[in-house]
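Below is one structure; the comments refer to it alone.
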Amino acid sequence: MVYQRRIQLSTQHPTSTVYVLGTELSLDVCGSAPKDAVAFHVQGTPGVKLYVVHETKSIKLPSSVARWPLAAGTEVLLVMDALSKDVGDEKVRVSYFGEAGGVPMGRAMLFLTCVEVSLDADTSRSGTVSRTLLDKAEWLWGPNGHGPILLVNCDRDDPKAETPDNRDTVIRSYADLQDMSQMVLQTRGPRTIFSSYHLLLHVDFGDADKVGVFYGGNSIALEEYKHVLGGSKLSYAVKPSRHQEESIFYVEALAFPDIGFSGLVAFHVTLLESAEKGLLETPIFTDTVVFRVAPWIMTPNTAAPLEVFICSVDGNEDFVAAVGALAEKAKCSLTVCPLLENRQDRWIQDEVEFGYVQAPHKTFPVVFDSPRDGGLKDFPFKSILGPDFGYVARQAPRGTSSLDSFGNLEVSPPVTVRGKEYPLGRILIGSSFPRFGGRRMANAVKAFLYSQKVQAPVELYSDWLRVGHVDEFLSFVPAPDRKGFRLLLASPNACYQLLKEKQEEGFGEAAMFEGLEGMPKLTINEILANEDLRKYNNYAQRCISWNRDKLKRALGLAEPDILDIPQLFGSAADTDADAGAEAFFPDMVNMLVLGKHLGIPKPFGPLVGGRCCLEERVRALLEPLGLTCTFIDDFFSYHINAGEVHCGTNVRRKPFAFKWWHMVP
């Protein structure tokens, strides 16, 4: 819709105004007419296009009608399409006539100066700022959508700085500027006009604490860039250069979408007409551009691995070596968090989740710091945050539970569900169901995840487990067919079926935990005869089956998309029925996925023909998919502490090729 402004005329003195290119002026011909006038005639200089709206019809002038009746609803519209060379170089004259006609009863003169005022950004999402005919005040999703994007400037480009870049109001490096989006103010026309008309760049009050804007004037020197908008600064008076038509501003987001913040931020530039002393300036034109803050995006197990993280603690040297060897096979780097930094906290999966942010001009990883705050609480901020590596955190004011750890935070690969596409997958979190009063993820964390919009979360039932994490019963691995992946689910039924097969084959006396000092060597016969264990695993299977059905609906899966991994569970405390379940032997679903290379907890299952029957069954399920299985001994370093390989590692992965703004949430 064209921006229209009403202009009051006068027969007593000439009127002067500015015409902004691309707008429309409505001349109030009736309001300035002499008392007995009944008709008018209007004409303009060659640079002015005039239209008379009479009886709902718009007629371009000049026309065959010389004079128009001063009837109610009659309107004169004015447009221009060329910039003025001098102030007031275009004119419009309105002549008024009485009943007798003849000599005009009065004339109203309007002097016009055509200028251009435009606030532009990367509305087309091409990576550069350009002029557009698209509606800049509207941000649209989809491959044919439009609207510029802001990154939360949450990295720390200056290693000497104490905080992320979104917590200060200074520019410390050119790398800092590269994280920001450009916003360009175009001002063309006679420069002297801007002594009478002023430009104000401003942001809505509710958005001011979400953004920061920097301006360096005509200089490229870092020290010249000043914080001009955002926080307590709601507006900035722009003084157009006499020699440059563009003023380039650099914009950063300070906060991710969350409760009370949709992620949309509007910036405005308003042209103000000077007023007499003691009066406020009058706004005559406003241009608006709306940005959306880029969401934090998780990456699934099926994405290519770039960097593996692991903690070095007392007694896990062999585990670190095994994971390092697997990372080398997968051709990704290994980062070991030393004891001094982890303070004997080995659960790096629970402390952080790696994701990324993306705009057309820039992509960088962002680590999400959980509210659990164990011995690793300082590691993400002090050691991961850095140049082009961002940081975000959420706290749980009412205290945390185990469900706030990020072993309870996973994301599926891309899926399509009943025609609805989720090209970035869906976030999976564990919760309490159906028991009243159970553990749930902190509202601050859950609200943050839902507010990102692009990976619509699915809440599963994980509170039946002692630790309560979704990674205790599910994982995803890449596959060459079907949907490109398989969902792996821990399965007591599959385990009992396997053990029954081996018993019938004559291996009932084969024992678990061979080679593990101090562990009872339970035979297949003893396990199958343990009715309490079977009853407990029937319960565990029902819990997993409930999640299975929900995952099939939420991710659009069929049975061939799911593989059942043999697994048994036991009660964490024999005397407390509510203590929750824990893995009876190392939980093979809790694996490290590095492309086709899998690091699986070694289950120490019954040896049949000299081979672990549990390992052999898992190989038979996964190796036909082109995957290689490496079984890692984590028994005494992780398993007996209620965790496994996945819990003790973390992976930064390659971002999706799909651009998030192309989707329709």
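The values are calculated or read from the model by the stated rules, or taken from the named source; none is laboratory data. Quick caveat, the model's predicted, so the values are computed rather than measured. When we count neighbours, we look across all protein chains shown, and the Cβ atoms used for this are built from the backbone with ideal geometry, even at glycine. Ligands, DNA and RNA are stripped out before the accessible areas are found, and what is left, the full protein with its side chains, is counted by its heavy atoms. Shrake-Rupley method; radii C 1.70, N 1.55, O 1.52, S 1.80 Å.
For VAL308, which of the numbered conditions (1) of a type outside the set (Asp, Glu); (2) open to solvent by 20 Å² or more (accessible area, probe 1.4 Å); (3) assigned to a strand (DSSP E or B); (4) assigned by the TED database to the domain that holds GLY355 fails to hold?
It is condition (2) that VAL308 fails.
Taking the options LEU563, LEU621, LEU592, LEU625, name whichever one is touching a residue at least 24 places away in the same chain (Cβ under 8 Å), of a type outside the set (Asp, Glu), touching a strand residue (DSSP E or B) at 6+ places or on another chain (Cβ under 8 Å) and open to solvent by less than 10 Å² (accessible area, probe 1.4 Å).
Sole residue among the options that is touching a residue at least 24 places away in the same chain (Cβ under 8 Å), of a type outside the set (Asp, Glu), touching a strand residue (DSSP E or B) at 6+ places or on another chain (Cβ under 8 Å) and open to solvent by less than 10 Å² (accessible area, probe 1.4 Å): LEU592.
Taking only region 233-252 into account, find how many residues are in contact with a Lys or Arg (Cβ under 8 Å, 6 or more places away or on another chain) and closer than 17 Å to ASP120 by Cα.
Of the residues in region 233-252, 2 are in contact with a Lys or Arg (Cβ under 8 Å, 6 or more places away or on another chain) and closer than 17 Å to ASP120 by Cα.
Could you list, in sequence order, the residues of region 433-465 that are hydroxyl-bearing (Ser, Thr, Tyr), open to solvent by 10 Å² or more (accessible area, probe 1.4 Å) and in contact with a Gly (Cβ under 9 Å, 6 or more places away or on another chain)? Can you show your working first?
The initial filter retains those residues of region 433-465 that are hydroxyl-bearing (Ser, Thr, Tyr), namely 450-451, 461-462.
Now drop any that are not open to solvent by 10 Å² or more (accessible area, probe 1.4 Å), which leaves 450-451, 461.
If the condition is that a residue be hydroxyl-bearing (Ser, Thr, Tyr), open to solvent by 10 Å² or more (accessible area, probe 1.4 Å) and in contact with a Gly (Cβ under 9 Å, 6 or more places away or on another chain), then SER451, TYR461 are the ones that fit.
Counting only residues that are open to solvent by 10 Å² or more (accessible area, probe 1.4 Å) and outside any loop (DSSP other than H, G, I, E, B), how many does region 287-305 have?
So the answer is 5.
Being out of contact with any Asp or Glu (no Cβ under 8 Å at 6 or more places or on another chain), at positive phi and either open to solvent by 40 Å² or more (accessible area, probe 1.4 Å) or of a type in the set (S, T, N, Q) (or both) is the filter here, so list the residues in region 466-520 that pass it.
GLY506, GLY515, GLY518
Is it the case that region 93-107 has a residue that's part of a loop (DSSP other than H, G, I, E, B), over 54 Å from the mean Cα position of the chain (by Cα) and at positive phi?
yes
Within the bounds of region 527-538, is there any residue that is open to solvent by 40 Å² or more (accessible area, probe 1.4 Å), within 28 Å of SER637 (Cβ to Cβ) and part of a loop (DSSP other than H, G, I, E, B)?
Yes, the conditions are met somewhere in region 527-538.
When residues of region 257-284 are filtered for being among the small types (Gly, Ala, Ser) and within 33 Å of the chain's Cα centre (by Cα), how many remain? Reasoning before the result, please.
Just the residues of region 257-284 that are among the small types (Gly, Ala, Ser), to begin with: 260, 262-263, 266, 274-275, 278.
Retained after the next criterion (residues that are within 33 Å of the chain's Cα centre (by Cα)): 260, 262-263, 266.
Selection size over region 257-284: 4.
Considering only residues that are exposed (fewer than 12 other Cβ atoms within 10 Å of the Cβ) and without any contact (Cβ under 8 Å) to a residue 24 or more places away in the chain, which ones fall in region 64-100?
The answer is SER64, ALA71, GLY73, ALA100.
So, of the residues in region 605-633 that are in a loop (DSSP other than H, G, I, E, B) and touching a Lys or Arg at 6+ places or on another chain (Cβ under 7 Å), which turns out to be farthest from PHE585 (Cα to Cα)?
Among those residues, the one meeting the criterion is GLY626.
Tell me yes or no: at least one residue of region 326-342 is in contact with a Leu (Cβ under 6 Å, 6 or more places away or on another chain), over 29 Å from PHE656 (Cβ atoms), open to solvent by less than 10 Å² (accessible area, probe 1.4 Å) and in the same structural domain as SER402 (by the TED database).
yes
Among the candidates GLY142, GLY147, GLY231, GLY216, which residue alone is in contact with a helix residue (DSSP H, G or I) (Cβ under 9 Å, 6 or more places away or on another chain) and within 14 Å of VAL289 (Cβ to Cβ)?
GLY147
As an exercise: evaluate SER181 against (1) open to solvent by less than 40 Å² (accessible area, probe 1.4 Å); (2) touching a Leu at 6+ places or on another chain (Cβ under 9 Å); (3) more than 30 Å from ALA456 (Cβ to Cβ) and give the number of the one condition it does not meet.
Every condition holds for SER181 apart from (3).
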